[in-house]
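Laboratory data are not the source of any read-out in this text; all were calculated from the coordinates shown. Keep in mind that this is a model prediction, so the values were computed, not measured. We place every Cβ from the backbone using ideal geometry, glycine too, and count neighbours over all the protein chains shown.
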Amino acid sequence: MAKYITRPNGTEDITPKNIHKWLTVEKIVRETAEKFGFSEIRVPTFETTELFQRSVGETTDVVQKEMYSVTAKETVFTLRPEGTAGTIRAMLQNGMLSEALPQKVFYILSCFRHERPQAGRLREFHQFGIEMAGSSSPYADAEVILLAKNVLDTCGLKNIILHINSIGCPECRAKYYDALKAYFANATDQLCETCLGRLERNPMRILDCKSPICQEIAKDAPLILDFLCEDCKAHFDTLQTALHDMNIEFSIDPHIVRGLDYYTKTVFEFISTDIGAQGTVCGGGRYDGLIEQLGGQKIPALGFGMGLERLILTMENQGCEFMESSHCNVYLAPMDDAARPVAMNLAAQLRDAGIRAEFDLANRTFKAQMKYADKLGTDYLIVLGSNELSEQSAQLKNMKTGQQRPIRLDAHFIEDYTEISLTDLFGSPESARR
RNA sequence: GUGGGUAUAGCUUAGUCGGUUAAAGCGUCGGAUUGUGGUCCCGAAGACCAAGGGUUCGAUUCCCUUUACCCACCCCA
C-alpha cells in the first residue's frame, strides 16, 4: 500500500472495464470523419519546441507556462499541447499541400499541458481533431462544424450548444484592438489585474473575464462584429446562412476568444453544461495564416479539436449508450489434466474460426470453473471430462438458457458449433443464411 | 501559479468525544456429500487507519509539515 508507484498527476489509466467507451467514440469519430472525406494521419508525440512557439503563439498561456519540454542532445523538444501544429507541419513536410486541395485529415491523439487538473481537465488528454487545408469557402467552415455536430449527435448527446463568432482577419482585428484599448483606457483603475495585462497583449480576452466587475465594464464594449471588413463580414454571413440551411442551431457569441494565436475569422465552440466548469467539448475555427507562418504557401485552413475525455464524460452524465465490450464466446472446462491439452486444441480450432475461446488456466475445481465462466459472461461452455474424451462428444451448454446440445469433438467440431450457434441466434441455420 | 476540500482493506464507506485483537457492503478465494454457473446461506484472505514529526503514560483519532487526489480560479479540449 505504502510504496506503490502511482501514475503522474493529471493522467488517467483506461482499464479494460472502461475501454468499450473509448472504442465506441473512436469508432464513431473515425466513421464520421471518413464519411466526410477525411483520412487519418498520425504524427509524432513530440516536436521541436519552436514549432509550437511559431504556431500556437509565443504569448499564449499554453506556450508560456503549460508545455512539457525537455532538452535532449542540445535540441529542445515539447510534448504536443495540441494537434494542429504537428499536423500542419506533417502536411507541409510530406508535400501534401502540393497535391490537389483541399487536403482533409483527421487524428486521434493525446496532448499534454501542465495545468492544474480538475473535472474535465487532465494533463494528458485525448483529442479527436480534423484539419482541412486549401479552402477559403465559408462552406468549408460549415462543413467542419457539421462534422463535429454529426459526431456529437451520433454519440447521442443532447443539450450541446454551438457558439460561433468571427474574430476577423489581421486587418480588421487590428482596428478592433485599437477601439477596445480606447474603450478600456477609461476604466484601467477598475479592471482586475489579469485584465490589465490583457489590455496590452490581447484586449479581446477581457470580454471573456469571469470577474463581475470586468464583465460589467465590458458590457458596452465595442464588438468585433462591427469591425469586420467586407470580406470577413460576407464570409461570416454566408456561414450563418449555410448553418441555417442545414438546420444547425447556433448562437453568436462575440465573447468567444480562442487562446491560440493562429485563429482568424470563424471560431466556434460546442459547450456542454453537464460536466462541470470545463464545458467546451469541441473548439475550433479557421487559421488562414498558419501555413504561411510555418513556412508554407499562403493556404487558408481550418479545423477543430474535440476532447475525448469530455465527450465521454458528457455521454456518461447523460446516460448515453456505449458499444458492448467483447466477451468470451466459448469457455472450455477441462475436468482433469488429461483434458487440458484437448481444451487447448479445441480452443485453437475455435479461434481459427474467429470465435473467442478460453479455457481454464488457473487449475480451478470443476465447480469453480463454472462460476468463473459465468463471471466471464461466456455464451457457451463445454465440459471436458473422461467420458467426453472417450466418446469424442460433449455437451455445448448455452449459458443464457441453460440448454445443452451434443457437439462432436472430432473433425466435425466447428461444423457442429456453427450449426448450434446459428440455430440459437436465428432459429435455424437455414434462416440465418437467407 | 492561486484558493477550498478530502486522505481508513482492490472498490465504496462506517468508526474511535485519544485507551487491549479497526467495522460493513461490493469484489476476490473457498465451502454447502460424489461431474453443471447465476439467487440465498456459511467461511477465509485482505488495512502497520497517506507519509514524517509533535503533544501524551498511550494517537488511526488532537496539532504541524509534506505528499497525493478532488473541486474551483486561470486557461482550454
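For chain A, the normalised intensity computed at q = 0.12, 0.13 Å⁻¹ comes to -1.01, -1.12 (log10 of I(q)/I(0), Debye sum over alpha carbons, equal scatterers, no solvent). Across q = 0.11, 0.14 Å⁻¹, segment A:289-431 modelled as identical point scatterers on its alpha-carbon atoms has Debye log10 I(q)/I(0) values of -0.54, -0.71, in the order of the q list. Just checking the listed ones, A:His244, A:His20, A:His255: in the Gaussian network model of chain A with Cα springs under 10 Å, the one fluctuating most is A:His244.
Normalising the Debye intensity of segment A:1-48 to I(0), with uniform scatterers on Cα atoms only, and taking log10 at q = 0.14, 0.24, 0.31 Å⁻¹ returns -0.64, -1.00, -1.05. Measuring against 19 Å, Cα to Cα, the residue pairs A:Lys181/A:Lys233; A:Lys367/A:Lys400; A:Lys149/A:Lys233 contain A:Lys181/A:Lys233; A:Lys149/A:Lys233 as the ones spanning a longer distance. Cα centroids of segment A:357-434 and segment A:184-249: 66 Å apart. Of the three principal axes defined by the Cα atoms of segment A:151-204, the extents in descending order read 48, 28, 15 Å.
When A:Leu23, A:Leu191, A:Leu239 are sorted by how many other C-beta atoms sit within 10 angstrom of their C-beta, beginning with the fewest, the order is A:Leu23, A:Leu191, A:Leu239. Annotation for A:Thr238 and A:Arg116: the two label points, set 7 Å from Cα along the Cα-Cβ direction, are 4.5 nm apart.
In straight-distance terms, cross-link reach from A:Lys73 covers every one of the lysines whose alpha-carbon lies under 28 Å from its own, apart from those fewer than eight places away in the same chain; here that gives A:Lys65. Within segment A:347-434, the proportion of Cα pairs with more than 18 Å between them is 47 percent.
In the elastic network of chain A, a GNM with C-alpha springs shorter than 10 Å, the most mobile of A:Val105, A:Val342, A:Val25 is A:Val342. Relative contact order of chain A, taken over Cα pairs closer than 8 Å and 6 or more residues apart, is 15 percent.
For segment A:78-233, the fraction of alpha-carbon pairs lying more than 22 Å apart is 62 percent, rounded to a whole number. Placing pseudo-labels 7 Å out from each Cα toward the beta carbon at A:Lys181 and A:Asn387 gives an inter-label distance of 9.2 nm. Name the most mobile residue of A:Ile28, A:Ile407, A:Ile19, meaning the one with the largest mean-square fluctuation, in a Gaussian network model of chain A with Cα contacts below 10 Å. Residue with maximal mean-square fluctuation among A:Ile28, A:Ile407, A:Ile19: A:Ile407. Residue order for A:Met204, A:Met399, fewest other beta carbons within 10 angstrom first, comes to A:Met399, A:Met204.
Calculated mean residue ellipticity at 222 nm for chain A: -11500 deg cm²/dmol, from DSSP H runs with n ≥ 4 weighted as -39500 (n - 2.57), summed, divided by the residue count and rounded to 500. Karplus-based coupling profile of segment A:387-396, in residue order and whole Hz: 4, 4, 5, 6, 8, 6, 8, 9, 9, 8, with θ = phi - 60° in 6.51 cos²θ - 1.76 cosθ + 1.60 and x standing for Gly or Pro. With a Förster radius of 41 Å applied to the C-beta separation of A:Ile161 and A:Asp13, the computed FRET efficiency comes to 0.85. Starting from the Cα of A:Lys375, step 7 Å toward the Cβ, then list every residue of segment A:330-361 with an amide N under 13 Å from that point. Residues passing the 13 Å test: A:361. Less than 5 angstrom separates the built amide H of A:Ile299 from those of A:Ile291, A:Glu292, all sequence-distant by 5 or more or on a different chain. For segment A:1-150, the spherically averaged projection of the C-alpha convex hull amounts to 12.1 nm².
Computed across segment A:181-299, the Kirkwood hydrodynamic radius from all distinct Cα-Cα pairs reaches 16.4 Å.
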